[in-house]
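Each remark here refers to the structure printed beneath this line.
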Amino acid sequence: MAAAFRRDAPPQPDFSLLKRLARDQLIFLLEQLPGKKDLFIDADLMSPLDRIANVSTLKQHEVDKLYKVEHKAVVSSADQLCFLIRPRIQTVKWICDLVKSDKAVGRVRRYKIIFTPQKFFACEAILEEHGAFGDVSCDQWDFHLLPVDDDIISLELPEFFTDTFLAGDQRWVRTVGSALHLLHSLFGPFSKVYGIGRIAKMVYESFRIQLQTEETRTRGDAQIGNVFIIDRDVDLVTPLCSQVVYEGLVDDIFRIKCGCVEFSPDVTSSEKSVKVMLNSQDKVFNEIRNEHFSNVFGFLSQKARTLQTAYDRRRGMDIKQMKTFVSEELKGLKQEHRLLSLHIGASEAMMKRKTKQDFQEMLRTEHSLLEGFEIRECINFIEEHINRQVSVLESLRLLCLLSLTENGLLPKDLRSLKAQYLQSYGFEHLLTFSSLRTLGLIQEQQTTETLSAVETRVRLTAGRLTEAFSSLAKKSNFRALSRRLNLVPKSEDYDLRVPKDMSYVFSGAYVPLSCRLIEQVLDREGWSGLEEVTRLLNRHEFSVTGSTSGSEGSSGLTSGAGSGLGSTSSPGFGPDSQRRVLVLFLGGCTFSEIAALRFLARERGYRITTVTTAITNSSRLLESLVQNKV
Amino acid sequence: MAFVTASWNPLGDAFYRKSELYEMSWSLKDGLRDSLVAAAPYGGPIAVLKEPQRRSPSSRPHLDIYSASGQTLASFTWKSGVVLQLGWSVSDELLCVQEDGTVLIYDLFGSFKRHFSMGQEITHDQVVQARVFHSPFGTGVAVVTASARFTLATNIDDLKLRRLPEVPGLQGAPSSWAILTQERQTKVLLSIGPELYVLDHTSCTAVYPPGLSPDSGSILQMCVSFSYKYLALFTESGLVWTGTSSLQEKFSEVDTKMRSAPKQMVWCRRPRAQQPSVVLMWERLLLVAGQCGDTIQFPLDQVSVLVPELDGIRVLGGFHQELLQEVPLVSQEIFKIASMSPGALLLEAHREYEKQSQRADEYLREIKEQSVLSEAVAQCVEAAAHEWDCTTQKALLRAASFGKCFLSDFSPESFVSICRELRVLNAVRESTVGIPLTHTQFKQMTVQVLIDRLVHRRLYPLAMEICRYLKIPEFQGVSRVLRHWASCKVQQTDLSDEAVARVVCAKVGDTPGVSYSHIAAKAYESGRPELAIKLLEFEARSGEQVPLLLKMKRSHLALSKAVESGDTDLVFTVVTFLKNEMNRGDFFMTLRNQPLALSLYRQFCRVQESQTLKDLLNQDDDHEGLGNFYVASAFKEQRLEGRVAALQNAVDEFNKAKNDFNAKATEEEMKLLRFQKKLDEEKGAGLQGMSLQDTMETLLNLGLHKQAEQLYRDFRVPDKRFWWLKLRALAEKQDWDELDKFSRSKKSPIGYLPFVDVCVKNHNQHEAKKYLLRVSPEQRVQACLLLGDLEGAADAAIERRNEGELGAVLNRCPASNRQLMERLQRATAKK
């Protein structure tokens, strides 16, 4: 099933254009500072930069040495320093200190900061405050979108999730709006934009404003017809589930960074660890990435056998045949062989971890939680998990899942679980719980009484009205949603070899809510018939038709179903573009979701491109919350 | 049109023509007698100041501004000092140079704009003569004082006064002088008697015009051409000397046979002129002195003023205005009597064709035989451009169009563009508009400038029509006109704010390139803030509204607009602005109403100013937030006392927030910290900062069971947890005896399976087996499996008849153990 797309599915648009654009602009910016220079790069920009321009390209443009920004004193002896950073106040402060210390010893250097993807006024304010504004020149590298694979584009902004949903700081909204605008101008015009979530609305609005003010014309033929924008906080359950498709597992265990993974020595069965690019270029990986883990071994061994036969053909060849074999096939076979052995190694390592009793039990608990079955036992399991200090994040993950699926915890349970958690993992997690509550990940079950109490509080402190409301709105209605959208399939035995719906990405136990929403909206071409669902999701849905012609869409968002603007049958939107769908996750998405969407695309003959602020998984999601402030 | 050549006068081998532009629509009693007159080049407006010398307050001079056709634009009584010179700036402003060195600037409609002075010394000395000139830098003013000192300002929009050095031997004004612009420097050329001097910023140098006869006497008059390239001198003996203004080359010397100095002398030439000339004007005579030595004389019946243009001269009189120019070569060729040029033949051919005469064909054949048809068409098109009379234009264009029919590969572009341009030119030449532009001037000045001129004249509808007709991109054309129109409209004080806003919105709509914030800024500048706010409402991009709102001190509105724009940078800009502008209390109150701005500022404070963050939370009575703030700050405290103090603050805040759980947890943390400190001091256990569980574990590992038990009781640690903990700690230490004792201390709250598990994990099968018997029946199978005791597991499973457990055992059963397998399968089948 791996790569078998329906024959009528349109081909993927060529996103490598985005890379070229980014590279050209970077080179242009580097040349703005002529002469030899040392380049300092923010740690989290290293991998994305590597995808855009390699070291030799940088050297060609007179970059002398490369350093990672480590917030330490600088040893560079160059006369020109260039900083390629994310717009973060701490980093800018560090640069200010550096400038100051240079001044103190009477060193004259030229400094240039390239902010990516955007420069913020706050950063420049810091430069000004520290009296370094005149010494440092600032630029902006509009590197919004990194195509990490044929059908995945990442904004590489992991902080989007916490900044936006936790701190309520919406500075990234415009950035994402610009990214969407870029996609629109390269691959648009979009004929339909659907979305759900408060931030999704804001992103669309920002996109619309940019569309209106900047008079850029799209390149005539629409390559992408439909866009779906979804907030991560619409579906927080899915990213918290343990992943069981191969790619997701690799991410959970080894962590994929920008489409690249480092396999440790126990996988490679040698001294060194090996870095491998994981994308559709890797033939072996491409065939197993979307597979449920239980199938992977079977597939790999079969692959090994075919490979062996290919090798075996050597026997009985004459010299001439041998020559063509060596020159044409052998290299490919060797490459495949190497990859195969790596993936087998990785699978073994996973197997070791995942077939353990504990893991099986954990999966069982997760599935019970999703089904809403034997909750008491689940709580006991979680309690034990905490008591045994199995893992800070895993315990937290299960707690969050419990609260999300149960629509909050009983006050008694919550208090006891929280107390135990603090005893196990330390008091500092008091702050973690506060963050989790703001996000609605761990909530107290609200009786009607407490609800009205909140309401009175709302009335009293009008100033914090929106915050109070949003905390009210954070109520998860998972159980009801699950029933409405049939997220938990009924069938008892699920043949994972022949998946019949998207639930296969979670062993047939659960269809990811986010993907189900996308499926339903695409099927219905709007939100009609999903009124009850959107009510449960706090009514932030929208759908706009013909957003492309600025003035037509100017009357803004139409909340609710089907009330599109303009005409649907405008020319230029061929059936091909209609089947190309862009799904934009605000706050990250998981490989399991991507696998589910790929399944959906295969079933319906779509081409789905996933655009996400970052690839996430349960540990990344929770780490960002645990680290916060502590 | 048969008499096109009637107004032609031969001069050397070229012709000069004088054609009437307008019969002036003004009614001046005495013509231009006793008046100061200034007319702007390129068919610009005319200013007339009558009897400028009158000083008594009872009868002040009158200043009138007219269009070139004599339509009144403004008229008012002059109330300032004595005006010596009038002049027009490049942007259609009227400059009035007064005796005291003050320069007053008025717009086209006579409203005062600003003034500047040419310097302190000049006020004292009095100006005797002044000139307004155009240079590459803009419009300049030059004056000479009674004490014979020159002062220059090369650009009135960027005023830099330059006092030129003294001229030796000069008293009062020189006999004649002119302004020169050479090598990006402005100089004065002046004559004292027969001598000629160049005065620049640093020195005064005597110069000698090459070939000027030494006995020609004093230089009485001089003039520099439109392009500053050529110079003409008039001497006492009536000679006109012409040459380059660099005085490197002499062109000619013409004897005018006139002895008195002319009233005015100007160059008359056109680009690629055959026979440039100098035009001199006396009281009743206009004399054209060509370089060939020939002259043409016209009698003058009225007081006139010569206005030099790029390609000729406008002769402005009290009743008429005429254009005097050399006839362009192409017109000469077509209209010259008995001309056989291709254009002339084509014109003739077309004329015959219209008469339906077969001679049309003969003419055509003749042109075709010489294969010069395309040249003929081109000539006709070009000649049409130079004609003033519409009938002649039409005749030429029709002839061109006729000739074009016989050509297969003639590009129509020039024809089409000339037609369009002529249409525009004819429209602006209309007496009601009064801009007598020639085609050459129009090309030089560009359509953009023409539109600007029309806009200055407030001829908005015409300007818009022209933009649309010439298909000028909206941004440079229509939008620009609308922008000016709206900016002008908001200054109209006779309309109410409401009405102006409505009118502006109706006209401007959402034309791209017209920014409402720009118009609003204009309204604010002219003192109408309410109107400005109304106009800002129409601005689609809320970001654009913010800077003006800040300027107008509407901070709250600015903030909400910034928030609306969704541009966080803009919000932050406003926030920083407000922070400096307002007192702290008001600032916080403002933020409270804007959650987005508040959270943005909070984020900033979190990194930059934690104290401000605290104040913010305080202001909001956000006790929970404050509690969290104190907890976070506790972790930054290195010393225990500081940490405990911070935590105590947190407890207080949590209590205020009625969050018992957090308060209690914080209190317990304080208790734990103290306990850890005590033990660290007593035993050196290194517990500081550990979680409760880790503390207990460390204590158990250190064998401090009593202290661990104390924590277990004090902190009401759940039994299960403590059992797990102790179990693991003991097993890891391989303290099997203690483990055994522990298992018997009371009934295990976690069952006995974990006992088996830890023993197996620590590789002690023997100990593990000891606990097997105490494992509850439900977990027995699992325990057996842990131990690797398949038989036992099978027994237990069969006994419990549990399908799942049977399966689990079967899975683990190796294929070699066939007997066991069969037993299990039987048991499964029996079910």
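The values are calculated or read from the model by the stated rules, or taken from the named source; none is laboratory data. Keep in mind that this is a model prediction, so the values were computed, not measured. Positions of Cβ are backbone-derived with ideal geometry, glycine not excepted, and every protein chain shown enters the neighbour counts.
Within the group A:VAL148, A:VAL92, A:VAL75, A:VAL108, which residue is farther than 24 Å from A:CYS258 by Cα, at pLDDT 85 or above and either out of contact with any Lys or Arg (no Cβ under 8 Å at 6 or more places or on another chain) or not basic (Lys, Arg) (or both)? Of the residues listed, the single one that is farther than 24 Å from A:CYS258 by Cα, at pLDDT 85 or above and either out of contact with any Lys or Arg (no Cβ under 8 Å at 6 or more places or on another chain) or not basic (Lys, Arg) (or both) is A:VAL92. Within segment A:70-108, take every residue that is away from chain B (no Cβ under 14 Å) and charged (D, E, K, R) and give me the one that is nearest to A:PHE40 (Cα to Cα). Checked segment A:70-108; the qualifying residue nearest to A:PHE40 (Cα to Cα) is A:GLU70.
Table: residues versus (1) within 20 Å of B:LYS761 (Cβ to Cβ); (2) among the β-branched types (Val, Ile, Thr); (3) under 60 Å from the mean Cα position of the chain (by Cα); (4) at pLDDT below 85.
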site	(1), (2), (3), (4)
B:LYS678	no, no, no, yes
B:GLY689	no, no, yes, yes
B:GLN693	yes, no, no, yes
B:HIS705	no, no, no, yes
B:ALA708	no, no, no, yes
B:TRP723	yes, no, no, yes
B:LEU727	yes, no, no, yes
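Number of residues in segment B:649-705 that are more than 11 Å from chain A (Cβ to nearest Cβ) and farther than 23 Å from A:PHE433 by Cα: the value is 22. The set of residues in segment A:386-422 that are within 13 Å of another protein chain (Cβ to nearest Cβ), in a helix (DSSP H, G or I) and among the aliphatic types (A, V, I, L, M) comprises A:ILE386, A:VAL392, A:LEU414, A:LEU417, A:ALA419, A:LEU422.
Scan (1) free of Cβ contacts under 8 Å to residues at least 40 places away in the same chain; (2) touching a Ser or Thr at 6+ places or on another chain (Cβ under 8 Å) for the single condition B:PHE251 breaks and write down its number. All conditions are met except number (1).
Yes/no matrix, rows are residues, columns are (1) touching a residue at least 24 places away in the same chain (Cβ under 8 Å); (2) within 14 Å of another protein chain (Cβ to nearest Cβ); (3) crowded, with 17+ Cβ neighbours inside 10 Å; (4) part of a helix (DSSP H, G or I):
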{"position": "B:PHE722", "(1), (2), (3), (4)": "yes, yes, yes, yes"}
{"position": "B:GLY751", "(1), (2), (3), (4)": "yes, yes, yes, no"}
{"position": "B:ASP757", "(1), (2), (3), (4)": "yes, yes, yes, yes"}
{"position": "B:ARG780", "(1), (2), (3), (4)": "no, no, yes, yes"}
{"position": "B:ALA797", "(1), (2), (3), (4)": "yes, no, yes, yes"}
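Residues in segment B:618-634: is at least one surrounded by fewer than 17 Cβ atoms within 10 Å (Cβ to Cβ), among the acidic types (Asp, Glu) and within 11 Å of chain A (Cβ to nearest Cβ)?
Yes.
A single member of B:LEU550, B:LEU531 is surrounded by 21 or more Cβ atoms within 10 Å (Cβ to Cβ), touching a helix residue (DSSP H, G or I) at 6+ places or on another chain (Cβ under 6 Å), in a helix (DSSP H, G or I) and in contact (Cβ under 8 Å) with a residue 12 or more places away in the chain, and it is B:LEU531. Where helices (runs of 4 or more DSSP H) fall wholly inside segment A:140-257, the ranges with 2 or more residues that are more than 14 Å from chain B (Cβ to nearest Cβ) are A:171-187, A:237-240, A:246-254. Scanning segment B:4-23 finds no residues that are of a type in the set (Lys, Arg) and more than 25 Å from B:SER331 (Cα to Cα).
Comparison of B:VAL571, B:VAL514, B:VAL563 shows that the only residue that is among the aliphatic types (A, V, I, L, M), surrounded by 16 or more Cβ atoms within 10 Å (Cβ to Cβ) and farther than 29 Å from B:TYR601 by Cβ is B:VAL514. With respect to the conditions (1) small (Gly, Ala, Ser); (2) over 26 Å from the mean Cα position of the chain (by Cα); (3) closer than 30 Å to B:SER691 by Cα, A:SER391 falls short on a single one, namely (2). In summary, B:ASP567 fulfils each of the numbered conditions (1) of a type outside the set (Val, Ile, Thr); (2) in contact (Cβ under 8 Å) with a residue 24 or more places away in the chain; (3) in contact with a Phe, Trp or Tyr (Cβ under 7 Å, 6 or more places away or on another chain) with the single exception of condition (3).
Checking each residue in segment A:423-439 for being within 30 Å of the chain's Cα centre (by Cα) and either touching a residue at least 24 places away in the same chain (Cβ under 8 Å) or more than 9 Å from chain B (Cβ to nearest Cβ) (or both) picks out A:TYR425, A:GLU428, A:HIS429, A:LEU431, A:THR432, A:SER435, A:LEU436, A:ARG437, A:THR438, A:LEU439. Considering only residues in segment A:109-136 that are more than 14 Å from chain B (Cβ to nearest Cβ) and in contact (Cβ under 8 Å) with a residue 60 or more places away in the chain, the one that is farthest from A:GLN90 (Cα to Cα) turns out to be A:ARG110. Of the residues making up segment B:618-634, those that are at pLDDT below 80 and either assigned to a helix (DSSP H, G or I) or β-branched (Val, Ile, Thr) (or both) are B:ASN618, B:GLN619. Part of a helix (DSSP H, G or I), among the charged types (D, E, K, R) and closer than 25 Å to A:VAL267 by Cα: does that describe A:LYS320? When the stated conditions are applied, A:LYS320 does not pass them.
Out of curiosity, is A:LEU180 crowded, with 23+ Cβ neighbours inside 10 Å and within 26 Å of the chain's Cα centre (by Cα)? Before you say what the answer is, go through the steps one by one.
On the way: crowded, with 23+ Cβ neighbours inside 10 Å: yes; within 26 Å of the chain's Cα centre (by Cα): yes.
Here the answer is yes, as A:LEU180 does meet what is asked.
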